[in-house]
Amino acid sequence: MVAQTGVLYVVATPIGNLEDITLRALRILREVNLIAAEDTRVTRKLLSHYDIHTPLTSLHEHSPPVKVEELVGRLLAGESIALVTDAGTPTLSDPGSALIRRAREMGVVVVCVPGASAVTAAMSLVGLPETRFIFDGFPPRKPKERRAYLQSLKSERRAVVWFEAPHRLTALLSDVLDVLGDRELFIARELTKQFEEARTAKISQWLAHFEQTPPRGEFTLILLPAEETQSPPPEDPLQVIRELIAQGMSEKDALKETARRTGVPRRTLYALWLERKRQGAGENISDISNEGGISR
């Protein structure tokens with residue numbers, strides 16, 4: 001008989017306000033054998049608030065591979081573990097994905113316990129008519145790589161969601177302004193916390209604001225889609241010819257002007273014009289039958 005493994009629970013925790021946690025998450029945090037936390041000091045505050053005394057261990061981006069193997073070993077031995085991050089949903093720009101991958105490789109059941117996320121919270125506040133967006137986590141930190149990344153977004157027509165640290169925020173905004181222009185940007189600061197702020201402004205306005213008020217706190221940014229300049233519908237070349245003739249232009253000159261305006265070759269225009277005549281449109285084309293180098 002094969003021994004049953006434990007379960008790895010991926011548990012979302014509050015992004016600020018400690019009340020933003022589900023009843024299920026609280027139950028799971030109480031019932032598991034161990035909680036693997038990005039920063040045990042942060043998670044301990046949450047557990048203390050809800051009088052939860054489950055043992056804690058750290059699992060962060062600098063944890064050695066042996067730590068993942070240790071946790072998987074405990075799962076294989078039948079223990080259940082809750083994976084949490086400092087705030088929000090684990091593995092969204094947070095550590096923990098290595099543990100999830102390894103657990104799945106070893107046949108451990110992985111269960112999501114959903115909840116707070118700064119991404120969905122910010123998207124719910126921005127008020128876009130369409131909710132299509134991409135989430136790119138933290139933009140590249142090095143200026144050259146960041147600008148190259150922003151160049152790749154020039155043709156992106158969806159909203160782009162970022163996280164950014166306050167000490168890198170103005171550098172990011174300056175590069176966005178240089179590479180993508182003075183776009184509209186939604187910034188949510190300290191979501192669900194006492195000093196929460198969320199509004200949309202031009203990037204140049206944000207830069208001016210942060211010159212007066214240095215950035216502080218946690219930031220979620222949404223680069224709004226660029227306003228697309230809609231091209232006018234293509235002109236109907238036959239309609240253009242008729243209008244020019246009605247204005248007193250000869251058919252030969254009307255064909256020439258229509259070709260210039262629409263980009264349709266004169267030979268093609270003549271064939272269309274002739275076909276319209278044959279269909280009974282009634283236009284007189286006799287004087288352009290072979291003028292100006294047009295072949296029939």
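Being on the phi > 0 side of the Ramachandran plot and within 28 Å of the chain's Cα centre (by Cα): is that true of G96 here?
Working: on the phi > 0 side of the Ramachandran plot: yes; within 28 Å of the chain's Cα centre (by Cα): yes.
When the stated conditions are applied, G96 passes them.
Can you tell me which residues in region 57-87 are under 17 Å from I35 (Cβ atoms) and in a helix (DSSP H, G or I)?
K67, V68, E70, L71, V72, G73, R74, L75
Taking P90 and the conditions (1) of a type outside the set (V, I, T); (2) on the phi < 0 side of the Ramachandran plot; (3) out of contact with any Gly (no Cβ under 9 Å at 6 or more places or on another chain); (4) modelled with pLDDT under 95, which numbered condition does it fall short on, given that it satisfies the others?
Failing condition for P90: (3).
Go over the candidates P139, P129, P90 one by one and state the one that is in the same structural domain as R44 (by TED's automatic domain parsing), of a type outside the set (A, V, I, L, M, F, W, C) and in a loop (DSSP other than H, G, I, E, B).
Only one candidate passes the filter, namely P90.
Report whether or not R44 is exposed (fewer than 14 other Cβ atoms within 10 Å of the Cβ), part of a helix (DSSP H, G or I) and either in contact with an Asp or Glu (Cβ under 8 Å, 6 or more places away or on another chain) or basic (K, R) (or both).
Details: exposed (fewer than 14 other Cβ atoms within 10 Å of the Cβ): no; part of a helix (DSSP H, G or I): yes; either in contact with an Asp or Glu (Cβ under 8 Å, 6 or more places away or on another chain) or basic (K, R) (or both): yes.
Answer is no for this residue.
Could you check, for region 152-159, whether at least one of its residues is under 30 Å from R260 (Cα atoms) and of a type in the set (A, V, I, L, M)?
No, there is no match, as no residue in region 152-159 is under 30 Å from R260 (Cα atoms) and of a type in the set (A, V, I, L, M).
Looking only at region 218-225, decide whether some residue is of a type in the set (D, E) and closer than 25 Å to A87 by Cα. Before the answer, list the steps.
Taking region 218-225 first, the residues of a type in the set (D, E) are 218.
Still in the running and closer than 25 Å to A87 by Cα: 218.
Scanning region 218-225 turns up at least one residue that is of a type in the set (D, E) and closer than 25 Å to A87 by Cα.
Only one residue in V110, V84 is more than 25 Å from the chain's Cα centre (by Cα) and modelled with pLDDT of 95 or more. Which one? Lay out the reasoning, then the answer.
Numbers: V84 fails: more than 25 Å from the chain's Cα centre (by Cα).
Of the residues listed, the single one that is more than 25 Å from the chain's Cα centre (by Cα) and modelled with pLDDT of 95 or more is V110.
Could you list all residues from region 16-38 that are buried (at least 17 other Cβ atoms within 10 Å of the Cβ), at pLDDT 95 or above and not in a helix (DSSP H, G or I)?
D20, I21, V32, L34, I35, A36, A37
Scan region 215-232 and give yes if some residue there is in a loop (DSSP other than H, G, I, E, B) and among the aliphatic types (A, V, I, L, M), otherwise no.
The initial filter retains those residues of region 215-232 that are in a loop (DSSP other than H, G, I, E, B), namely 215-218, 224-232.
Remaining after also requiring among the aliphatic types (A, V, I, L, M): 224, 226.
Within region 215-232 (the criterion being in a loop (DSSP other than H, G, I, E, B) and among the aliphatic types (A, V, I, L, M)), the answer is yes, since at least one residue qualifies.
Can we say I285 is β-branched (V, I, T) and at pLDDT below 80?
So I285 passes the test.
Yes or no, residue by residue, for (1) in a loop (DSSP other than H, G, I, E, B); (2) under 26 Å from A208 (Cα atoms):
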| position | (1), (2) |
| --- | --- |
| I134 | no, no |
| L150 | no, yes |
| K154 | yes, yes |
| D175 | no, yes |
| V179 | no, yes |
| D182 | yes, yes |
| F186 | no, yes |
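S117: in contact with a Leu (Cβ under 7 Å, 6 or more places away or on another chain), within 24 Å of N17 (Cβ to Cβ) and among the polar types (S, T, N, Q), yes or no? Don't jump to the end; show me each part of the working.
Numbers: in contact with a Leu (Cβ under 7 Å, 6 or more places away or on another chain): yes; within 24 Å of N17 (Cβ to Cβ): yes; among the polar types (S, T, N, Q): yes.
In short, yes.
Quickly run through region 245-258 and pick out the residues that are surrounded by 14 or more Cβ atoms within 10 Å (Cβ to Cβ), of a type outside the set (D, E, K, R) and over 21 Å from R278 (Cβ atoms). Please lay out each step first, then the result.
Step one: list which residues in region 245-258 are surrounded by 14 or more Cβ atoms within 10 Å (Cβ to Cβ), which gives 245, 249, 251-258.
Among the residues that remain, those that are also of a type outside the set (D, E, K, R) are: 245, 249, 254-255, 258.
The answer is M249, and nothing else.
Exactly one of (1) at pLDDT 95 or above; (2) farther than 27 Å from P139 by Cβ is unmet by P65. Its number?
The failed condition is (1).
The values are calculated or read from the model by the stated rules, or taken from the named source; none is laboratory data. Predicted model only: the values in this text are computed from it and were never measured. Here Cβ is always computed from backbone atoms with ideal geometry, including for glycine, and neighbour counts include all displayed protein chains.
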